[in-house]
C-alpha cells in the first residue's frame, strides 16, 4: 500500500461520523437508509461521508434498484492494518 493511500484512509477515519459508520458496518452490510437512522444528518451529508469511505476503498457498495447497500472492504482493511503495524515496528 502506498503512502498516499494510507494517508487518504487516515484522513477518512479522522471524522467521528465516518468512524461510527465503519463500526456499524463491522456487523455486516447495511442499506443507506439504515445508516441514516443512526445519525442526525441529512441524506446528502451521509452521501458525502460514504463517498469519502468508498473513494479510499474502505467501504464497498452495491445498488439494488433505488437502494444502496454498503459493506466493509475487508481486504483493504487488512492491508491498512498491516501497514499501520509496520509503522510501529511490530510484526504481529
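By per-residue mean of other Cβ atoms within 10 Å, what is the highest-first order of 63-75, 18-30, 45-57?
My ranking of the peptides, most packed first, is 45-57, 18-30, 63-75.
In deg cm²/dmol and to the nearest 500, what is the mean residue ellipticity at 222 nm of the chain if only DSSP H runs of at least 4 residues count, each as -39500 (n - 2.57), divided by the residue total?
The per-residue figure over the chain is -17500 deg cm²/dmol.
Write down the Å³ per residue value for the convex hull defined by the alpha carbon atoms of the chain.
Dividing the Cα hull volume of the chain by its residues yields 99 Å³.
Could I have the simple spin-label model distance between residue 4 and residue 51, label points 7 Å from Cα toward Cβ, reported in nm to one decimal?
The answer from the label model is 2.0 nm.
Coordinate-derived values only; no laboratory data. Keep in mind that what you see is a predicted model, and the values were worked out from it rather than measured. A quick note on method: Cβ atoms are made from the backbone with ideal geometry, for glycine too, and the neighbour counts reach across all protein chains shown.
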